[in-house]
Amino acid sequence: MKRTLAIVLLLLGGLVSLAQEPLVSRSTKSYLIADYNPKDTDFLMEKCRQAGLDLGLSVLANRVPTNSKYVSPQPSKHLLKQGVLQLQLPIDEQQTEFSVYHSELFDQPANINVLQIDDELVTYRTTEKTGNIHLFYHCVRGAFGTKKAAHGKNAVIYKLWDTPERTLLPDLELQNQMAQAAAKEYAKTDFNLLIFNDLKSYAYNEHGDEAIRHFLDTIRKYNPDKLLQADQLTPASWPYLSRVNENQIWHESMRTKIIETLTEKQDFYRKNMMPWMIGNFQILLADKNRKATTLEELEWFLSKAAAFDAGFGLDFSAETMKKHGLTDAILNTVNIWESLRLDSIFSAEQKEMFKDPYGNWHLEKADDSTYLLYNQHISRRYFCNFTDDHWEWNSPYAGRFAMRICVEGKGSISDPVFNTPNGELVFPSTLKAGQYLILDFDGAAYITDLNFNKIEVVKMQGIPFLDEGVSEVTFDCEVKAEDHRQPEVTVRYITINQPETIIIHAQ
């Protein structure tokens with residue numbers, strides 16, 4: 001037994017078999033995650049070209065929707081079963097409460113609680129264990145369009161596997177049918193990357209890793225030119241995958257965790273000779289719980305991809321692209337960072353520098369062969385109380401600064417004024433709740449909505465300049481309340497150092 005366990009651990013520790021060769025090309029090119037909506041495909045393809053990304057299609061090809069032909073009107077015999085239950089008493093076609101003998105199957109997870117009895121599906125809301133009996137309450141008979149029927153005490157009753165997406169799962173035979181049908185459909189699309197999340201679910205049918213191998217082999221057969229990506233690495237999946245991305249969504253608040261986690265994972269995938277992606281970054285619109293994604297947040301993430309020389313998924317839906325005011329800037333920024341990463345332009349010293357979880361960098365293109373890399377200092381948020389707002393702004397760099405004023409809640413402010421040791425800055429404007437006043441490094445000022453869509457240009461008076469170190473700054477404005485509530489106003493400033501020049505030498 002100990003010897004067997006040791007062999008299993010050895011296989012798990014080193015997934016690559018020396019006898020295997022990858023069947024597909026490996027890649028660390030980043031990609032855009034897209035929902036499959038044919039009307040958006042051309043739009044997304046154009047945006048991918050702008051950003052230098054692949055277009056990836058996230059699919060779950062072994063999910064059986066409850067409205068599919070495999071469920072209604074007659075459920076397939078090949079829906080994946082957790083196991084068999086035994087009725088305590090016969091039931092007629094109208095009963096919504098009945099009982100079965102106790103089974104360990106009730107320890108298995110479930111989401112929509114589906115039972116299959118002959119050609120009828122039944123769902124239940126709650127169960128209660130009494131002695132050796134499980135009672136089902138609030139049952140829906142003839143669920144999902146199947147036919148209600150009476151069932152004798154000896155009728156075979158199955159508890160089915162379901163998923164958090166409120167779908168069912170197939171057994172191996174049905175999964176093979178679905179894989180072939182899906183593979184043919186994927187072959188007709190313009191997507192050059194197929195993304196299989198929850199790869200472990202393809203092995204739930206008691207055939208384990210062999211089921212995963214068979215599934216990926218079918219997909220590849222009909223899509224030989226597409227890249228295949230999954231969220232985990234197994235011995236069977238290794239030859240078929242172009243890379244692995246574990247579907248981790250990162251955001252700026254995870255600064256400390258990201259370096260420790262990424263270092264550990266990079267070592268694992270390097271040992272197994274598999275390209276590795278660092279996860280996904282989601283571009284968000286503003287809502288009541290969050291602010292829209294900024295370029296500073298994006299470049300923080302892009303610097304981590306550069307640090308580990310790893311690709312990523314950009315979760316940027318067509319709807320968000322059309323509503324986010326920085327879409328073109330986001331895509332162009334991704335293109336700049338990724339072109340340098342893929343061409344191995346960043347030095348070892350720069351990559352190590354990018355691993356600083358609290359560091360912020362800005363990269364811009366000066367011309368076809370020259371790029372400028374800035375270290376950015378991004379301040380904390382300063383909250384305005386409109387009575388003696390007096391702050392100490394501490395910058396490690398001297399020079400021009402950028403600034404973002406955000407107004408939320410109710411009401412508005414007018415003619416905000418900042419006094420710094422280097423002079424007064426006046427913004428003749430009215431800023432309503434749900435708007436930003438943005439000052440960029442070129443001295444241009446403008447008002448946007450909370451998704452950074454420009455509303456009007458503001459003619460700022462003064463020169464935005466900070467000395468290195470601590471600067472005493474005061475803030476004032478006219479405040480107009482609404483419904484007896486004052487607006488909530490926050491200020492954030494950004495300074496940059498002298499840039500490091502990166503020269504691209506002709507090959």
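In segment 119-133, which residues are over 16 Å from residue 161 (Cα atoms) and free of Cβ contacts under 8 Å to residues at least 40 places away in the same chain?
126, 127, 128, 129, 130, 131, 132
Here are 292, 286: which of them is open to solvent by less than 10 Å² (accessible area, probe 1.4 Å) and farther than 23 Å from residue 245 by Cα?
292
Mind checking which residues of segment 408-424 are under 19 Å from residue 448 (Cα atoms), assigned to a strand (DSSP E or B) and open to solvent by less than 40 Å² (accessible area, probe 1.4 Å)? Write out each step before concluding.
Residues of segment 408-424 under 19 Å from residue 448 (Cα atoms): 408-417.
Now restrict to residues that are assigned to a strand (DSSP E or B): 408, 412-417.
412, 413, 414, 416, 417, listed by residue number.
Right, residue 110: within 25 Å of residue 194 (Cβ to Cβ), open to solvent by less than 70 Å² (accessible area, probe 1.4 Å) and small (Gly, Ala, Ser) or not?
Working: within 25 Å of residue 194 (Cβ to Cβ): no; open to solvent by less than 70 Å² (accessible area, probe 1.4 Å): yes; small (Gly, Ala, Ser): yes.
Here the answer is no, as residue 110 does not meet what is asked.
Consider residue 51 against the criteria (1) within 30 Å of residue 332 (Cβ to Cβ); (2) at pLDDT 95 or above; (3) surrounded by fewer than 19 Cβ atoms within 10 Å (Cβ to Cβ): it satisfies all of them except one. Which criterion is unmet?
The single condition residue 51 does not satisfy is (3).
Checking the condition acidic (Asp, Glu) and within 20 Å of residue 320 (Cα to Cα), which residue from 246, 264, 297, 260 passes? It would help to see each step written out before you state the result.
Details: 246 fails: within 20 Å of residue 320 (Cα to Cα); 264 fails: within 20 Å of residue 320 (Cα to Cα); 260 fails: within 20 Å of residue 320 (Cα to Cα).
After ruling out the rest, the residue left standing is 297.
What are the pairs with Cβ atoms under 9 angstrom where one residue, in segment 97-116, is on the phi > 0 side of the Ramachandran plot and the other, located anywhere, is assigned to a strand (DSSP E or B) and of a type in the set (Lys, Arg)? Sequence gap at least six, or different chains.
Close Cβ pairs (under 9 Å, with a partner that is assigned to a strand (DSSP E or B) and of a type in the set (Lys, Arg)) amount to 113/159.
Counting only residues that are buried (at least 16 other Cβ atoms within 10 Å of the Cβ) and either under 30 Å from residue 480 (Cα atoms) or in contact with a Lys or Arg (Cβ under 9 Å, 6 or more places away or on another chain) (or both), how many does segment 379-407 have?
Count: 13.
Condition first: outside any helix (DSSP H, G or I), in contact (Cβ under 8 Å) with a residue 12 or more places away in the chain and open to solvent by 10 Å² or more (accessible area, probe 1.4 Å). Now tell me which residues in segment 182-203 satisfy that.
Answer for segment 182-203, where residues must be outside any helix (DSSP H, G or I), in contact (Cβ under 8 Å) with a residue 12 or more places away in the chain and open to solvent by 10 Å² or more (accessible area, probe 1.4 Å): 189, 190, 192, 197, 198.
Going by the structure shown, is residue 315 open to solvent by 30 Å² or more (accessible area, probe 1.4 Å), under 20 Å from residue 336 (Cα atoms) and either without any contact (Cβ under 8 Å) to a residue 60 or more places away in the chain or in contact with a helix residue (DSSP H, G or I) (Cβ under 9 Å, 6 or more places away or on another chain) (or both)?
Considered against the rule, which asks whether it is open to solvent by 30 Å² or more (accessible area, probe 1.4 Å), under 20 Å from residue 336 (Cα atoms) and either without any contact (Cβ under 8 Å) to a residue 60 or more places away in the chain or in contact with a helix residue (DSSP H, G or I) (Cβ under 9 Å, 6 or more places away or on another chain) (or both), residue 315 comes out as no.
Can you tell me how many residues within segment 33-48 are closer than 26 Å to residue 269 by Cα and either out of contact with any helix residue (DSSP H, G or I) (no Cβ under 8 Å at 6 or more places or on another chain) or at pLDDT 95 or above (or both)?
Within segment 33-48, residues that are closer than 26 Å to residue 269 by Cα and either out of contact with any helix residue (DSSP H, G or I) (no Cβ under 8 Å at 6 or more places or on another chain) or at pLDDT 95 or above (or both) number 1.
Mind listing whichever residues of segment 338-374 are over 23 Å from the mean Cα position of the chain (by Cα), under 17 Å from residue 255 (Cβ atoms) and surrounded by 15 or more Cβ atoms within 10 Å (Cβ to Cβ)?
Result: 353, single match.
Taking residue 179 as the residue in question, decide whether it is out of contact with any strand residue (DSSP E or B) (no Cβ under 7 Å at 6 or more places or on another chain), within 29 Å of residue 316 (Cβ to Cβ) and surrounded by 21 or more Cβ atoms within 10 Å (Cβ to Cβ). Working first, answer last.
Values: out of contact with any strand residue (DSSP E or B) (no Cβ under 7 Å at 6 or more places or on another chain): yes; within 29 Å of residue 316 (Cβ to Cβ): yes; surrounded by 21 or more Cβ atoms within 10 Å (Cβ to Cβ): yes.
Against the criterion (out of contact with any strand residue (DSSP E or B) (no Cβ under 7 Å at 6 or more places or on another chain), within 29 Å of residue 316 (Cβ to Cβ) and surrounded by 21 or more Cβ atoms within 10 Å (Cβ to Cβ)), residue 179 qualifies.
Identify, please: which residue in segment 204-223 is in a loop (DSSP other than H, G, I, E, B) and surrounded by 19 or more Cβ atoms within 10 Å (Cβ to Cβ) and is, among those, modelled with the highest pLDDT? Write out each step before concluding.
Residues of segment 204-223 that are in a loop (DSSP other than H, G, I, E, B), as a first pass: 204-207, 223.
So of that shortlist, the ones also surrounded by 19 or more Cβ atoms within 10 Å (Cβ to Cβ) come out as 204-205, 223.
Working: 204: 89, 205: 85, 223: 95.
So the residue we want is 223.
Please work out if residue 226 is in contact with a helix residue (DSSP H, G or I) (Cβ under 8 Å, 6 or more places away or on another chain), free of Cβ contacts under 8 Å to residues at least 60 places away in the same chain and either buried (at least 20 other Cβ atoms within 10 Å of the Cβ) or hydroxyl-bearing (Ser, Thr, Tyr) (or both). Reasoning before the result, please.
Values: in contact with a helix residue (DSSP H, G or I) (Cβ under 8 Å, 6 or more places away or on another chain): yes; free of Cβ contacts under 8 Å to residues at least 60 places away in the same chain: yes; either buried (at least 20 other Cβ atoms within 10 Å of the Cβ) or hydroxyl-bearing (Ser, Thr, Tyr) (or both): yes.
In short, yes.
Might you check whether a residue that is basic (Lys, Arg) and either assigned to a strand (DSSP E or B) or modelled with pLDDT under 90 (or both) occurs anywhere in segment 279-296?
Yes, segment 279-296 has at least one match.
Within segment 117-134, which residues are surrounded by 15 or more Cβ atoms within 10 Å (Cβ to Cβ) and in contact with a Lys or Arg (Cβ under 8 Å, 6 or more places away or on another chain)?
Answer for segment 117-134, where residues must be surrounded by 15 or more Cβ atoms within 10 Å (Cβ to Cβ) and in contact with a Lys or Arg (Cβ under 8 Å, 6 or more places away or on another chain): 120, 122.
The values are calculated or read from the model by the stated rules, or taken from the named source; none is laboratory data. Given the structure is predicted, the values throughout are model-derived calculations rather than measurements. No Cβ is skipped: glycine too gets one built from the backbone with ideal geometry, and neighbour counts run over all protein chains shown. Areas reflect the complete protein model, heavy atoms only, side chains present, ligands, DNA and RNA absent. Shrake-Rupley method; radii C 1.70, N 1.55, O 1.52, S 1.80 Å.
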